[in-house]
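Here, each number is a calculation from the coordinates, and none is a lab measurement. The shown structure was predicted, so the numbers you read here are calculated from the model rather than taken from an experiment. Please note: Cβ atoms are built from the backbone with ideal geometry, for glycine as well, and neighbour counts cover all protein chains shown.
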Amino acid sequence: MRSACDEYGVVDATLLALQRTLRLLSPDAVLERLYIVAQPVPRTPAASLRRGQAILVRPLLPGDPALAAFTRIPAEVTDRFAQGAVCLGAFRGTELLGWLWFTVGAFRDHTHPVAFELAPPGTTAWDFDVYVRPEARLTAAFARLWEAAFDALRDRGVNQTLSAISAYNPASLRAHRRLGTTPFGSLLVLRLGRLQAVFSRHFRPHSRLSFRADFRATFRLDAPGRIPESTLNRSSA
């Protein structure tokens, strides 16, 4: 327990222990805290990376053969495109190394019963499912994906991108901190049998619960003020 507290923090370690206990009663039970974080989109492109020149990043459109390599439910991928989400894929030759998704203005989550309305809608994006295959994590694929994403977001007039990071994924939280993210709230998601509930003291509505299978709680996320790019530069050093 001491080791878990050091890794996750006392509150999040306790929630993780509670989830594991709940799953002894119901294998599908979920008790998960999601941190909502914001990161600035740099106003100008950074100098292109010297390493990873062989890695090409390009958009993946519906029907692209590379989508067959996704470890995602096909219906979920279809729903993402239906929302207007953009998918970027990083390739070395014909090998797909990883991907990154984003959407502007709103996002409907497929994993948790939540949806987000982003404000200001025209200048705020939501990034999600940033993934690099384990064998490619020592390459420049991750950096190349973000380089391309920032270019695409700037072209759309976006100056901040938000995302949700699981409290149970400290490695992802650390990676996002290096990108210059700023946490500005959290949600607690509960699923136990037919009961689904979402709680937040940071966003409205502060609590929603239902026994309906199609339940979804919609939150309005007002992006924090423009984060100084010096924060991004320090965190990336």
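Here each label is just a point 7 Å from Cα along the line to Cβ, and for Arg178 and Ile73 those points are 3.2 nm apart.
Computed over the chain, the per-residue total of -39500 (n - 2.57) for DSSP H runs of n ≥ 4 gives a 222 nm mean residue ellipticity of -8000 deg cm²/dmol, rounded to 500.
Suppose every K and R has +1 on its Cβ and every D and E has -1 on its Cβ; what is the size of the dipole of segment 2-236 about the Cα centre, in Debye to the nearest 20?
Details: 30 positive and 20 negative charges, 75 e Å.
The dipole of segment 2-236 has a size of about 360 debye.
What FRET efficiency comes out for the pair Ala82/Leu56, r = Cβ-Cβ distance, R0 = 41 Å, nearest 0.05? Computed FRET efficiency for Ala82 and Leu56 comes out at 0.95. Taking 0.36 nm per residue of separation and subtracting the current Cα-Cα distance, fully stretching the chain between Arg154 and Phe199 would add 12.9 nm. Taking amide H as placed 1.01 Å from N in the peptide plane, Val41 has its amide H under 5 Å from the amide H of Gln160, Thr161, each at least 5 places away in sequence or on another chain.
Kirkwood radius for segment 2-236, taken over all pairs of different Cα atoms as the inverse mean of 1/r, rounds to 18.9 Å.
Computed over neighbours whose Cβ is under 13 Å from that of Phe199, the net charge equals +4, Lys and Arg +1, Asp and Glu -1. Quick check: the angle from helix 10-25's long axis to the longest principal axis of the chain, C-alpha only, nearest 10 degrees? The helix 10-25 is inclined about 60 degrees to the chain.
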